[in-house]
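Q: Would you mind keeping the following structure in view while I ask a few things?
Each value in this text was obtained by applying a stated rule to the coordinates, not by laboratory testing. Keep in mind that what you see is a predicted model, and the values were worked out from it rather than measured. For neighbour counting, all protein chains shown are included, and Cβ atoms are generated from backbone atoms with ideal geometry for every residue, glycine included.
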Amino acid sequence: MSVKYQRVVLKLSGEALAGDEGFGINPPIINTIAQQIKKVHDLGVQVAIVCGGGNIWRGETGFEMGMERAQADYMGMLATVMNGLALQDGLESIGVPTRVQTSIEMRQIAEPYIRRKAIRHLEKGRVVIFSAGTGSPYFSTDTTSVLRAAEVGADVILMAKNGVDGVYTADPQKDATAVKYEELTQLDVINNNLGVMDSTASSLSMDNDIPLVVFNLNESDNILRVVQGENIGTTIKGAKTND
């Protein structure tokens, strides 16, 4: 079975791990996502994952409530570690070897992030989960996914959305006339303020020519379909132009 991408970074929102409950970690949802990842892994595709932490804590929310921004962001980084450990457990329970690497050292529970070691894990067929963001406040997990994709030489970032099947001209749940984009560039995303990723992540993706595919995680086997090259969701080219 042929695949379009050999090495991918899968970006999962924290909310995707919570399911309909919207908060916390939902083990059946974790297991469903793990099964999807296993199908991709079984094809020989090298998979790295970045999890958000919004199902547990958002640094931005804490800041808006009056917390010091760096402190609130560090709490959000710890939330991503909890999600990473939960996903590791789900993957290893179905036989997928997995390593969690954290940008903030916590050696008792995970490896510190080392680029060369991460690449070696991928080459050996292990799924690598990058947790604790970039290790610095003021940067989102979207930026983490682009940064890690550039560092490990990933072919694409797969941005799995919770119930949204691509990028639209407007919010399709609020505007019935919203039209789905099939293809964009990161410059389009920035200029039109489409909100796919924050501007730092979009700029980093554009500068390093890293493509992005936005698709609906909730449809069965969509991760597999994207990896095989099926035209679902919205493809965002990393380059500044379509040349």
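Q: Can you pull the Kirkwood radius for region 84-136, inverse mean 1/r over Cα pairs, to one decimal in Å?
A: Answer for region 84-136: a Kirkwood hydrodynamic radius of 11.2 Å.
Q: Could you give the longest part of the chain that holds none of the GluC sites (Glu not before Pro) found in DSSP loops with at most 15 neighbouring Cβ atoms within 10 Å?
A: 106-181
Q: How many angstrom lie between the Cα centre of region 1-80 and the Cα centre of region 84-123?
A: If you average the Cα positions of each part, the centres end up 14 Å apart.
Q: Here's something else I'd like to know. Pairs of alpha-carbon atoms within less than 8 angstrom and 6+ residues apart define the contacts here; what relative contact order does region 7-237 have, in percent?
A: Taking the mean separation of contacting Cα pairs over the length of region 7-237, I get 22 percent.
Q: Could you name the lysines whose alpha carbon sits less than 26 Å from that of Lys39, not counting residues in the same chain fewer than 8 places away?
A: By straight Cα distance, Lys39 reaches Lys4, Lys11, Lys117, Lys124, Lys161, Lys237.
Q: I'd like to know which of Gly95, Val40, Asn55 lies farthest towards the positive end of the charge dipole of region 7-237, counting +1 on Cβ of Lys and Arg and -1 on Cβ of Asp and Glu.
A: Gly95
Q: Please return the longest stretch of the chain lacking exposed loop sites, where chymotrypsin sites (Phe, Trp or Tyr not before Pro) count only if DSSP places them in a loop and at most 16 other Cβ atoms lie within 10 Å.
A: After excluding every exposed loop site, the longest remaining stretch is 24-137.
Q: State whether region 1-65 is rounded, prolate or oblate according to the following rule on the C-alpha gyration tensor (a ≥ b ≥ c being the square roots of its eigenvalues): a/c under 1.5 gives rounded; otherwise a/b larger than b/c gives prolate, and the remaining case gives oblate.
A: Values: a/c = 4.41, a/b = 1.93, b/c = 2.28.
Oblate.
Q: Just need the Rg to Rh number for the chain, please, alpha carbons only, Kirkwood Rh. Don't jump to the answer; show the numbers that get you there.
A: Values: Rg = 16.8 Å, Rh = 17.9 Å.
Rounded to two decimals, Rg over Rh is 0.94.
Q: Take the alpha carbon atoms of region 45-107, find their radius of gyration, then divide it by 2.2 N^0.38 Å using N residues; give the quotient.
A: Region 45-107 yields a ratio of 1.29.
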